[in-house]
Each structure stands twice: as C-alpha cells, then as structure tokens.
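This report refers to the structure that appears directly beneath it.
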Amino acid sequence: MAHHRLYNFIEHVTGTEHRYLFMDVLEGPAQARSHLVPDSPDWFGWLARLGSFHFQGKSGHFTARQERKQRGAAYWYAYRKAHTRRLKRYLGTTDKLTLALLEQTAHDLQEAALGAIPEDEALNVHAPKPTPEGLRVGPLTVLWHEGVLSVRTPTERHSLNRREAAELLHYLYGQRASLLKQRW
C-alpha cells in the first residue's frame, strides 16, 4: 500500500544540536524510530526501505525521492518547490545518504529557494518578529521561558515543567500522522 511521502520523515528537533525525530509508516501506523543512529548500518537499511521521505534540517527542508533508472540502479534526489520553480539536487545512492549530506542539501536548497524569490517580492517581505508574549495559536498563547512551558487561555494560565512539556511533545508527534491525513 502506497503512503503519502510526508508520513516518512527525518526532522531536526528545534532547540537541540544533534537530536532528530525519525518516523515512518513501513509497518502499519506511523512509528517513531528512536533507536536509529544516523550513518549506521541500521540507518542505511531503514532508508533503503523508504521510497521517499521529508527532511526538515537545521536550516532548510526538502522531499527526497528514490528513483530507478533504466539500468536498474536506484538513486535519490532532493526536491523543493520555491516560487513556481521546482528545485532538484542529486543525492546519490542510499549508502551516500549521511546526515551531513542531508543537512548540506537542505541548506543549499534553502539558499536556492531564497534566490528564487523575485526581486520585487523580496523587497516587500518582512521577517516575523519574535514576541515576548509567546506564540498565538487560536485562543491560546504558548510561551517557553526558563524551562517552563506556559499556556494561557483567555481565562486561565497553565504551566508545564520540562518533563511535562516533553510528554506533551511526544504525544503531539505521535498524533502527527493522523493530522497529516486530514484534509484542510
């Protein structure tokens, strides 16, 4: 059974230096692969079983697809769409897909995507400014400050310590596949 490519992903955990989340739907519902060590034999074996995946790195993202050529060999390519242009980069065979290569490719595609912005549009783009009040999500305001996650509603305020915040994130990552299946 074919699955949407975004169900298979490698995602850098924001706020960390070297932590990544690995998920796939190779065997039933989406599963986190917390045992994977990048660039290990298990890593390359796991990648070989995927037909495609989404990579969200420290400084960019792309979708990787494995494509078979006429001679029967399979090669990976990275794709990213930017302002009506489709950007493509050759990644190589599965045994070449190191975490360093994926990060470098994400960075290169991010630079290429920024270069694809028409000059008249680039002048009008303003980067969002971080606010000390936190992130607004519907009626909620979420703020991480000094190891405490604060969630405010119009009438209440709740605080979660690091362990509780980690449990919440773990739960939300576990629900990611069902969120992606929904049509917006």
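What follows draws every value from the coordinates through simple rules; no lab data is involved. Worth saying up front: this structure is predicted, and the values here are computed from it rather than measured. Counting neighbours? That spans all protein chains shown, and the Cβs are built from the backbone with ideal geometry, glycine included.
Please find the FRET efficiency linking His83 to Val137, where r is the Cβ-Cβ separation and R0 is fixed at 22 Å, and quote it to the nearest 0.05.
0.20
To the nearest 20 debye, what charge dipole does the range 135-181 have about its Cα centre, counting +1 at the Cβ of each Lys and Arg and -1 at the Cβ of each Asp and Glu?
Approximately 160 debye in magnitude.
In whole Hz, with x marking every Gly and Pro, tabulate ³J(HN,Hα) for the range 38-52 from phi via Karplus 6.51 cos²θ - 1.76 cosθ + 1.60, θ = phi - 60°.
x, 6, 8, x, 5, 4, 5, x, 4, 4, 4, 7, 8, x, 6
Place a point 7 Å from the Cα of His145 along the Cα-to-Cβ direction; which residues of the range 154-177 have their backbone N under 17 Å from it?
Only 154-162 fall inside the zone, counting backbone N under 17 Å.
Taking the Cβ-Cβ separation of Asn161 and Asp42 as r and a Förster radius of 35 Å, what is the calculated FRET efficiency to the nearest 0.05?
Calculated transfer efficiency: 0.60.
Could I have the simple spin-label model distance between Ala74 and Val25, label points 7 Å from Cα toward Cβ, reported in nm to one decimal?
About 1.8 nm, to one decimal.
Taking 0.36 nm per residue of separation and subtracting the Cα-Cα distance, what length does fully extending Asp95 through Tyr173 add?
25.3 nm
What does the highest-first list of 58-67, 13-22 look like by mean Cβ count within 10 Å?
58-67, 13-22
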